[in-house]
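Just below is one structure, and these are the notes that go with it.
The values are calculated or read from the model by the stated rules, or taken from the named source; none is laboratory data. It should be emphasised that the depicted structure is a prediction, and the values quoted were computed from it without experimental measurement. Cβ coordinates were reconstructed from backbone atoms using ideal geometry, including for glycine residues, and neighbour counts include every protein chain displayed.
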Amino acid sequence: MNINYKSLRRPTNALMALAIVVGSAAPVLLNNVASAAQMTLRSIQLSDSGPSNNSNIPSGVGSGTSVAYRIKFTTASAVQSFVVDFCSASPLINDNCTAPTNLDVSTASLTANGTWSLGTLTASRLRFTNTSSQAAGAFTFEVTGVTNPSTLGSFFGRVTTYANDTYGTYASATSTGNYVDYGGIAMSTVNTITVTARVMEQLSLCTSGGVAVTNANNLTAAGSCGSATAPAITLGSSPDYVLGYTGATPASANVYTQLSTNASQGYALYLRAANTSCTGGNGGLSRDGGTTCEIPPVNAGAATSIAFTNNTAEFGAFVSNGTAATGGSGENTAVTRWAGTGGTYLMDTATANDNVISTYGSKIAETTGGDDKQANSVNNTITFAAVASPVTPAGIYSQNFSLIGVGTF
């Protein structure tokens with residue numbers, strides 16, 4: 001969903017609830033393969049969860065195009081080839097399979113992975129083969145260049161492995177032949193989060209009651225002029241939804257997420273930003289479509305949460321622990337660096353392979369420790385906040401995020 005972020009000198013109303021439903025992978029239908037084993041620790045992680053028909057975001061993060069899929073599973077037996085069929089309604093092996101609408105993996109490329117290579121592909125089927133048999137164990141594969149389904153909601157991957165390099169007697173998603181290991185995996189597309197803030201033209205007129213104002217731009221929340229005895233006036237205050245300058249009470253608003261899954265090994269939430277190469281601060285707020293981010297990430301994008309600074313343009317967020325809605329069950333834990341309390345904020349662009357501008361985004365919450373691995377309507381809150389500086393150019397500033405749910409089955 002598109003979420004307009006309009007900042008006030010005081011916290012605004014909540015944005016809009018964002019729901020992610022990561023579907024279930026039920027027991028598969030065995031087709032005369034009594035010795036087949038269900039693979040464990042299986043997941044497919046998307047670099048972008050946006051649907052591919054998002055006309056508001058024709059390219060980049062949130063568009064659902066040029067997406068990377070990271071496929072993980074652990075087998076009980078040796079494997080030399082395997083097939084991933086994508087189906088819109090069922091993860092069950094050999095069940096009816098309708099391809100997800102407008103999903104296209106036919107032009108996917110395999111990131112270098114030893115002696116593995118891609119076989120013949122279709123719009124809804126990936127095939128992988130190796131020059132020799134590979135021992136049972138954990139496997140990870142990444143393909144790029146995928147186009148997501150154009151519809152919102154759950155879709156499924158069905159993985160079947162084979163002992164030879166020609167996919168055994170596989171014929172189709174409903175006739176998978178003599179597979180060795182198998183597993184169903186649920187994924188979900190979700191509307192893109194859009195955060196927007198406006199900075200209006202400002203005028204500060206200061207007069208002094210006998211004491212000169214010597215510090216340039218010496219403004220406070222009240223709009224005073226430092227050591228001047230007379231007050232200053234500032235144009236563009238509420239109800240025009242304009243960013244203030246004080247770090248103590250930044251303009252803020254919430255995004256609400258809700259997740260349900262029966263993933264036996266737990267799940268995680270990732271946040272990925274669209275403005276990944278803008279001048280002034282990757283991951284910040286931009287008024288020119290991501291070329292320049294004149295409201296940069298707080299703490300210059302470092303991996304440590306920190307309070308906002310007065311009179312300094314900064315943008316950040318913090319994440320709550322997940323709790324079940326009334327009638328639901330489960331919980332999750334916010335990743336430590338994201339778990340602010342309203343006094344400190346983060347917009348991490350520094351943590352290696354786990355930041356908001358990396359391919360798969362930054363993990364913001366996960367099941368860990370004593371958390372239930374499954375979830376029935378577990379809610380998280382992401383609080384976004386920003387502060388302007390007295391020299392921040394006037395304009396409407398925005399940033400798009402893709403919120404990605406990953407279940408491990």
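Observations on the model:
- Within the span defined as the stretch 52-74, one or more residues are of a type in the set (Ser, Thr, Tyr), more than 22 Å from Ala273 (Cα to Cα) and within 28 Å of the chain's Cα centre (by Cα).
- From the list Ala25, Ala36, the one residue that fits, being touching a strand residue (DSSP E or B) at 6+ places or on another chain (Cβ under 8 Å), at pLDDT 85 or above, small (Gly, Ala, Ser) and in the same structural domain as Asp104 (by TED's automatic domain parsing), is Ala36.
- Restricting the stretch 384-409 to residues that are aliphatic (A, V, I, L, M) and assigned to a strand (DSSP E or B), the residue that is nearest to Phe315 (Cα to Cα): Ala386
- The residues on offer are Ala307, Ala317, and the sole one that is among the aliphatic types (A, V, I, L, M) and under 25 Å from Gln45 (Cα atoms) is Ala317.
Yes or no, residue by residue, for (1) assigned by TED's automatic domain parsing to the domain that holds Asn353; (2) at pLDDT 50 or above; (3) within 20 Å of Ala136 (Cβ to Cβ); (4) surrounded by 16 or more Cβ atoms within 10 Å (Cβ to Cβ):
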| residue | (1), (2), (3), (4) |
| --- | --- |
| Tyr5 | no, no, no, yes |
| Arg9 | no, no, no, yes |
| Arg42 | no, yes, yes, yes |
| Gly64 | no, yes, no, yes |
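- Filtered residues of the stretch 316-341 (kept if assigned to a strand (DSSP E or B) and under 17 Å from the mean Cα position of the chain (by Cα)): Gly316, Ala317, Phe318, Val319, Gly322, Asn332, Thr333, Ala334
- If you check Asp95, Asp104, Asp85, Asp48 for being farther than 22 Å from Ser172 by Cα and acidic (Asp, Glu), only one passes: Asp48.
- Matching residues in the stretch 269-281 - criterion: being surrounded by 21 or more Cβ atoms within 10 Å (Cβ to Cβ) and not basic (Lys, Arg): Leu269, Tyr270, Leu271, Ala273, Ala274, Asn275, Cys278, Gly281
- Top-ranked residue of the stretch 80-104 - restricted to ones that are among the aliphatic types (A, V, I, L, M) and touching a Phe, Trp or Tyr at 6+ places or on another chain (Cβ under 7 Å), ranked as farthest from Glu142 (Cα to Cα): Ile93
- Enumeration of residues in the stretch 119-167 that are in contact with a Phe, Trp or Tyr (Cβ under 6 Å, 6 or more places away or on another chain), closer than 23 Å to Thr65 by Cα and not β-branched (Val, Ile, Thr): Ser124, Phe128, Pro149, Gly157
- Any hit, the stretch 121-128, residues being crowded, with 19+ Cβ neighbours inside 10 Å and in contact with a Lys or Arg (Cβ under 6 Å, 6 or more places away or on another chain): no
- Scan the stretch 275-287 for residues that are in contact (Cβ under 8 Å) with a residue 40 or more places away in the chain and over 21 Å from the mean Cα position of the chain (by Cα) and the total you get is 1.
- Residue in the stretch 45-60 that is modelled with pLDDT under 90 and either surrounded by 23 or more Cβ atoms within 10 Å (Cβ to Cβ) or within 22 Å of Leu259 (Cα to Cα) (or both) present: yes
- In summary, Ala302 fulfils each of the numbered conditions (1) within 18 Å of the chain's Cα centre (by Cα); (2) of a type in the set (A, V, I, L, M); (3) at pLDDT 95 or above with the single exception of condition (1).
- Just one of the listed residues (Tyr245, Tyr256) is assigned to a loop (DSSP other than H, G, I, E, B), of a type outside the set (S, T, N, Q) and in contact (Cβ under 8 Å) with a residue 40 or more places away in the chain, and it is Tyr245.
- Looking across the stretch 345-383 at every residue that is among the hydrophobic types (A, V, I, L, M, F, W, C) and in a loop (DSSP other than H, G, I, E, B), the one that is surrounded by the most Cβ atoms within 10 Å (Cβ to Cβ) is identified as Met347.
- Residue match in the stretch 312-323 (condition: surrounded by fewer than 18 Cβ atoms within 10 Å (Cβ to Cβ), among the charged types (D, E, K, R) and not assigned by TED's automatic domain parsing to the domain that holds Ser52): no
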